[in-house]
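The values are calculated or read from the model by the stated rules, or taken from the named source; none is laboratory data. The structure presented is a predicted model; accordingly, all values stated were derived computationally and were not measured. Here the Cβ is made from the backbone with ideal geometry for all residues, glycine too, and neighbour counts use every protein chain on show. For the accessible areas, the whole protein counts, side chains as well, though only heavy atoms, and no ligand, DNA or RNA atoms are used. Shrake-Rupley method; radii C 1.70, N 1.55, O 1.52, S 1.80 Å.
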Amino acid sequence: MSKYESSIKQIPHSQRAVYACISDLTNLEKVKDRVPEDKIKDFSFDKDTVSLHIDPVGALTFKIINRDEPKCVKFEGVGTPLPIHLWIQVLPVSDTTSKMKLTVEADIPIYVRPMVEKPLKEGVEKIADVLSMVNYSG
């Protein structure tokens, strides 16, 4: 398994507010306009799943498989050609601020890694960037 982690993002909102938002994927409506259309296409979601298309990786769907309130939401790839898991960790810094890290773990064959590793690393960082800019207070 290969692991890709975002940098740690500081968020000016409480851990509970961030968790409440990321644990219900309908809240992605708040960030839909920030998704870079040249990188991510066919972005859709409901309470428990999110689907998108990332070149050159292709179409991906993630479903929430575990909610560990208030610190982590874990996702699993649905119908993906390779096993893939994603989780978002949120830790408190103070009563009004928190920090977040996004991690992707995928079983990528060695011969495919050169094609997908760089876009995957960039994608993880971009998603974390977008999530760090969300207004979690309302």
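Flag: I22 matches the condition of being surrounded by 16 or more Cβ atoms within 10 Å (Cβ to Cβ), modelled with pLDDT of 85 or more and within 18 Å of V124 (Cβ to Cβ).
Taking S94, is it touching a Pro at 6+ places or on another chain (Cβ under 6 Å), of a type outside the set (F, W, Y) and modelled with pLDDT of 95 or more? No; evaluated as a whole, the condition is false for this residue. When the range 33-91 is filtered for residues that are in a strand (DSSP E or B), touching a residue at least 40 places away in the same chain (Cβ under 8 Å) and surrounded by fewer than 16 Cβ atoms within 10 Å (Cβ to Cβ), the ones remaining, listed by number, are R67, L91.
Taking S7, is it within 17 Å of A128 (Cβ to Cβ), assigned to a loop (DSSP other than H, G, I, E, B) and modelled with pLDDT of 95 or more? Against the criterion (within 17 Å of A128 (Cβ to Cβ), assigned to a loop (DSSP other than H, G, I, E, B) and modelled with pLDDT of 95 or more), S7 qualifies. Among all positions in the range 101-113, there is no residue which is polar (S, T, N, Q), in contact (Cβ under 8 Å) with a residue 60 or more places away in the chain and out of contact with any strand residue (DSSP E or B) (no Cβ under 9 Å at 6 or more places or on another chain). Please verify whether I84 is within 19 Å of H53 (Cβ to Cβ) and touching a strand residue (DSSP E or B) at 6+ places or on another chain (Cβ under 9 Å), treating the condition exactly as stated. Yes, satisfied. Residue check: R67 meets all listed conditions (1) modelled with pLDDT of 95 or more; (2) touching a Leu at 6+ places or on another chain (Cβ under 8 Å) but one, namely (2). Kindly establish whether E105 is over 26 Å from E37 (Cβ atoms), among the charged types (D, E, K, R) and either within 14 Å of the chain's Cα centre (by Cα) or part of a loop (DSSP other than H, G, I, E, B) (or both). When the stated conditions are applied, E105 passes them. Looking across the range 95-128, the residues that are more than 18 Å from L60 (Cβ to Cβ) and open to solvent by 30 Å² or more (accessible area, probe 1.4 Å) come down to D95, T96, T97, K99, K101, I110, Y111, P114.
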